[in-house]
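Chemist: Pasting a structure here, questions to come.
The values are calculated or read from the model by the stated rules, or taken from the named source; none is laboratory data. Everything numeric here is computed off the predicted structure, so don't read it as measured data. Because the Cβ atoms are built from the backbone with ideal geometry, glycine has one as well, and the counts that use them run over all protein chains shown. Note: areas computed on protein heavy atoms with side chains; ligands, DNA, RNA excluded. Shrake-Rupley method; radii C 1.70, N 1.55, O 1.52, S 1.80 Å.
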Amino acid sequence: MSHAVINPATEQEIRTVELTSAEETDAAIARAEAALPAWRDVAPGDRARLLRRFADAVDADIENLARLEVANSGHTIGNARWEAGNVRDVLHYYAAAPERLTGKQIPVPGGVNVTFAEPLGVVGVIVPWNFPMPIAGWGFAPALAAGNTVVLKPAELTPLTALRLAELAREAGIPEDVFQVLPGKGSVVGQRFVEHPAVRKVVFTGSTEVGKQIMAGCAAQVKRVTLELGGKNANIVFADADLERAAATAPYGVFDNAGQDCCARSRILVQASVYDRFLELLEPAVKGVVVGDPGQEATEMGPLISAEHRQRVASYLPDDTPVAFRGSAPEGPGFWFPPTVVTPSSASDPLLTEEVFGPIVAVVPFADEAEAVAMANDTAYGLSGSIWTSDVGRALRVSRGVEAGNLSVNSHASVRYWTPFGGFKQSGLGRELGPDAVEAFTETKNVFIST
Ligand code: TAP
């Protein structure tokens, strides 16, 4: 069966992609299983060299990968270049791992105890449509470094860059069955990753709803699982903050990637004494966001991914919703939605509790530090957040109080590949990136040798 891949900025078909069936998925998993012993036994230095070559191949192809992502996902060209560069950097970073996967020697009477960091086996990586390249790399790079083989399913809507990455891996000398990309439906290919006993771990990034199903499915086989799920993140602005900077950067914190970002700061909590002033400063910043052709260098926000998703985002703004102000968006073809600011009056408003995954931000006042922390935590999620203040003590107190995996003080950046990334509560399970991620792709084997 083939699937038409659509450019969300033009609504034109880019090309068709063959969807992998359940039988083809099983065959790919069998090939990955057969390829495991040879890949596991590649000398660590040689595995490291292959990953570096893969990184170099990505580097040489950055502009092409970025243009593919602009066309397939509507990402701005600036973001798409960063995303391709992130895959290169993550590959380089984990290329340092194979030679450092050492075990321990533990003193025991009557012999020697040694541990080995063994690969898990076949790892299934399931990727969402919002960041097709980086999220793929965060899964496959440490998995391959630890000696696992990988089957990867991109989102049905956005398979093109993952398919290109598979070609680049082969060009770099990584054996075809060691890293396979299988475009297809979650309910078919993703489901087989969960059910197939030869897949020893599933790395899933996507919605909390599907994540819960994946976890339940994996539980049936005690299969390892890493989950990176949704977020309803707070951007907390205290009265002692640099208000101009906080307001000027707030649109970037939520409207980047058209709000289709698990880390989007979709709630702005502002101390009541500066609430009106903050809104005054925010308005020109929001109206100034350049929305349009994502291939143009000056564009700051592209379209939403699909007509269906735009409808879902729009459903959060019934006709009677008071909108404080909004930016602009092109007319005509493309799944456009303008950056929108709302000021809900009830704490139970879905715009304050649900992940919209689009360019809508809710701005609400708080009285003091304790209330800010309580409001930030009043959600089932716990992925990221920002704290704007000039008081270092407050920055640390609030950072410790907010239940979220990735916080930024006087900044909105959440991702640095050499630092850990992941969520509290229903935002996920486990951590990706950073120095410890490789361990999540190994089993510790303990061997006693009697003397
Ligand atoms: P989902 O609908 O959950 O889909 C994610 C991936 O899972 C897709 O590849 C999808 O395939 C597949 N899938 C769907 N049903 C499945 C099933 N029953 N078994 C196995 N796989 C299945 O999410 P989405 O709409 O693509 O992405 C948006 C969500 O991802 C948001 O909630 C966002 O917060 C979250 N997200 C989280 C993070 C991190 S790092 N925490 C990063 C990015 C996104 P299809 O393509 O066929 O649907």
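Chemist: Per the Debye formula with a single identical scatterer at each Cα and no solvent contribution, what log10 I(q)/I(0) holds for region 234-409 at q = 0.09, 0.19 Å⁻¹?
Modeler: For region 234-409 at q = 0.09, 0.19 Å⁻¹, log10 I(q)/I(0) is -0.29, -1.28.
Chemist: Hey, if you put +1 on the Cβ of every Lys and Arg and -1 on every Asp and Glu Cβ in the chain, which of A141, P322, F424 ends up farthest toward the positive end of that dipole?
Modeler: Projecting each Cα onto the dipole axis, the largest value belongs to A141.
Chemist: Just the projected area, averaged over all directions, of the convex hull on the alpha carbon atoms of the chain: how many nm²? Spell out each step's value before the answer.
Modeler: Details: hull surface 92.4 nm².
Computing the convex hull of the Cα atoms and averaging its projections yields 23.1 nm².
Chemist: Give me the accessible area per residue for the chain, probe 1.4 Å, as a whole number in Å².
Modeler: 41
Chemist: Right, next: Just tell me the longest site-free run in the chain, where the sites are trypsin sites (Lys or Arg not before Pro) in a DSSP loop having at most 16 other beta-carbon atoms within 10 Å.
Modeler: Of all site-free stretches, the longest is 105-415.
Chemist: Moving on to the next point. Can you list the aspartates and glutamates whose alpha carbon sits under 13 Å from that of K425, skipping same-chain ones fewer than 8 residues off?
Modeler: Once the sequence-local aspartates and glutamates are set aside, what remains near K425 is E228, D378, E403.
Chemist: Between region 257-329 and region 397-451, how many Å separate their Cα centres?
Modeler: Centre-to-centre (Cα) distance: 30 Å.
Chemist: S306 versus R170, label points 7 Å from Cα toward the beta carbon: distance in nm?
Modeler: It works out to 2.7 nm between the two label points.
Chemist: Would you mind getting me the FRET efficiency between A219 and A34? Use the beta-carbon distance for r and R0 = 35 Å, nearest 0.05.
Modeler: 0.80
Chemist: Once you have a ≥ b ≥ c as the square roots of the Cα gyration tensor eigenvalues for region 271-314, tell me rounded if a/c is under 1.5, and otherwise prolate or oblate according to whether a/b is larger than b/c.
Modeler: It comes out oblate by the Cα gyration axes.
Chemist: Please report the antiparallel percentage of DSSP beta bridges with both residues in the chain, rounded to the nearest 5.
Modeler: 40
Chemist: Moving on to the next point. Can you list the HN-Hα couplings for region 288-303, worked out from phi with the Karplus curve (6.51, -1.76, 1.60; θ = phi - 60°), rounded to whole Hz and with x for Gly and Pro?
Modeler: x, 5, 7, 10, x, 3, x, x, 7, 4, 7, 6, 10, 8, x, x
Chemist: Just the number, please: carbon plus sulfur as a percent of the accessible area of region 234-409, 1.4 Å probe, no ligands or DNA/RNA counted. Don't skip to the answer; put the middle values down first.
Modeler: Numbers: 3660 of 7170 Å².
For region 234-409, the apolar C and S fraction of the accessible surface comes to 51 percent.
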